[in-house]
Amino acid sequence: MATLDASKLPDHIKISLMTHSSSAVVLATKVERPLERLIQAHMPGLSNRRKAKLFKGYGPFATFSGKIDIALAFGHINENLARTLHAIREIRNAFAHTEDELHFHHKD
């Protein structure tokens, strides 16, 4: 019997196979990473050491929220996009930080 190799499936199929919780976290990451790259593109001469200090652990841009706020403050994104990104972040956090069984059709 053949087995399914999920790594060869298109992204939209892979996502539909995930739980709602993992989908929320993965999709938020797919939005957060380009935002991080956008911010870094405007930091000429950013060394790997400085990048780690700013974007990892307790750095000022380590959180999705911090990245959204700084991108807005420097005019890289507009207010409407910032609100949308914060909504995505809040949905991700709701799924990531609960022991309850959440789904996208949940009233909250």
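In terms of solvent-accessible area of protein heavy atoms at a 1.4 angstrom probe, what is the ranking of His76, His42, highest value first? Before the final figure, lay out each step's value.
On the way: His76 60, His42 105 Å².
So, going from the largest accessible area down, we get His42, His76.
Using R0 = 22 Å, the C-beta based FRET efficiency linking Lys30 and Glu79 works out to 0.50. In a fully extended conformation the segment linking Ser47 and Asp69 would gain 5.7 nm over its present Cα-Cα distance, using 0.36 nm per residue. Considering only His42, Ala82, Thr19, the residue lying farthest towards the positive end of the dipole of region 19-97 is His42, judged by Cα position with unit charges set on Cβ.
The values are calculated or read from the model by the stated rules, or taken from the named source; none is laboratory data. A quick note: this is a predicted structure, and the numbers were derived from the prediction, not measured. Note that each Cβ is placed from the backbone with ideal geometry, even for glycine, and that neighbours are counted across all protein chains shown. Areas reflect the complete protein model, heavy atoms only, side chains present, ligands, DNA and RNA absent. Shrake-Rupley method; radii C 1.70, N 1.55, O 1.52, S 1.80 Å.
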